[in-house]
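Here, each number is a calculation from the coordinates, and none is a lab measurement. The structure displayed is predicted, hence computed values, not measured ones. Neighbour counts are summed over all protein chains in view; Cβ atoms, including those assigned to glycine, are modelled from backbone coordinates with ideal geometry.
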Amino acid sequence: MKKVIAIDGPAGAGKSTLAKRVAQRLGYIYIDTGAMYRSVAWKVLQTFGSDNFTDEDIAAAAYNLTVALTYENGSQRIAVDGVDVSEAIRTPAVTSVVSRVAAIGQVREKMVDLQKKMAADGGVIMDGRDIASKVLPNADVKIFLTASIEERANRRYKELREKGFAVDLTKLQEEIAARDKADSEREESPLVQVPEAILLDTTNMNLNEAEAAIVKLVE
Ligand code: CDP
């Protein structure tokens, strides 16, 4: 029977890459909840420009937008009010405001509601920060995926460089640490490892090894 799999963890731990691979292998649907918060952040930046907005502005933007996830050849696309933002939500500008956006209660309420509906039929693997604790507390498999901050920064550095962004490794590591701190210390659904989650530290694992470890846990 198809299960519900929840993966949480800090920034750059490899959640989306691994969740995508495991979903393909098992014939599950992959739901990237970070992309949903990034979409709200993108809309806020489009509407107000950088940093020129209040928490009320963020809540209003989230209330008024529609987020739609679709699947093309097994990979997720995401649209905001009908505009495909799958690539646009990965820029450093969006990354720099997303944790602030994701800390707003009204934003989370709307996104969590959507996420619960998307997982209702099972056969899903969902990744984020509050999946095991809040979105899918009854998930069959709960994994907390992590890696050392140096390794996570290195992985994200390579990824951004490949996409053509000029990034500084030291700054990137600081940004990741700041985002982890904000995500872990916020009041609304902070990033936590629930007691029943299995800890998977991928610092010294390659993708194939980490994928095999997750598949083994699911099976
Ligand atoms: O890919 P990366 O690890 O950089 O982050 P992401 O999964 O795309 O998530 C971006 C941001 O969205 C996180 O830093 C959190 O602030 C927020 N987020 C959240 O609050 N709850 C989730 N379930 C997923 C993401």
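With neighbour counts taken as other beta-carbon atoms within 10 Å, the residues Val124, Val97 rank, fewest first, as Val97, Val124. For Lys116, a cut-off of 28 angstrom between C-alpha atoms picks up these lysines, skipping any fewer than 8 places away in its own chain: Lys2, Lys3, Lys15, Lys20, Lys43, Lys134, Lys142, Lys181, Lys216.
Applying the Karplus relation 6.51 cos²θ - 1.76 cosθ + 1.60 with θ = phi - 60° to segment 6-19 yields 3J(HN,Hα) values of 10, 10, 10, x, x, 4, x, 6, x, 4, 5, 4, 6, 4 Hz, where x marks Gly and Pro.
Measure out, as a whole number of angstrom, how far apart the alpha-carbon centroids of segment 73-92 and segment 2-47 sit. Between the Cα centre of segment 73-92 and that of segment 2-47, the gap is 12 Å.
Can you run the Rg to Rh ratio on segment 67-155? Use alpha carbon positions and the Kirkwood inverse-distance Rh. Using Cα coordinates only, the ratio equals 0.96.
For segment 125-140, 3J(HN,Hα) computed residue by residue from phi via the Karplus equation (6.51, -1.76, 1.60; θ = phi - 60°) reads 10, 10, 10, x, 10, 10, 6, 6, 7, 9, 6, 10, x, 9, 3, 6 Hz, glycine and proline entered as x. Here's the picture: charge each Lys and Arg Cβ at +1 and each Asp and Glu Cβ at -1 in the chain, and of Ser16, Met111, Pro137 the one pushed furthest to the positive end of that dipole is Ser16.
Ordering 163-170, 1-8 by mean Cβ neighbour count within 10 Å, with the highest value first, yields 1-8, 163-170. Compute the relative contact order of the chain as a whole-number percentage, counting only Cα pairs closer than 8 Å that sit 6 or more residues apart in sequence. This gives 34 percent for the chain. Pairwise Cα separations in the chain fall into 10 Å bins from 0 onward with the following percentages, short to long: 8, 35, 40, 16, 1.
Residues Lys43, Lys20, arranged from fewest to most other Cβ atoms within 10 angstrom of their Cβ, appear as Lys20, Lys43.
Sorting the Cα pairs of segment 1-46 by distance into bins of 10 Å, from 0 upward, gives 23, 46, 24, 6, 0 percent per bin.
The helix-based estimate of mean residue ellipticity at 222 nm for the chain, built from -39,500 (n - 2.57) per DSSP H run of four or more residues and divided by its residue count, is -15500 deg cm²/dmol to the nearest 500.
Could the peptides 200-209, 100-109, 125-134 be put in order, highest first, of the mean number of other beta-carbon atoms found within 10 Å of their residues?
125-134, 100-109, 200-209
Here's how it looks for Ser148: its modeled amide H is under 5 Å from those of Thr203, which are all 5 or more places away or on a different chain. Every pair of different Cα atoms in segment 97-219 enters the Kirkwood calculation, which places the hydrodynamic radius at 16.2 Å.
Taking the Cα centre of segment 12-109 as the origin, how large is its charge dipole in debye, to the nearest 20, when only Lys and Arg (+1) and Asp and Glu (-1) carry charge on their Cβ atoms?
Working: 10 positive and 10 negative charges, 118 e Å.
It works out to roughly 560 debye.
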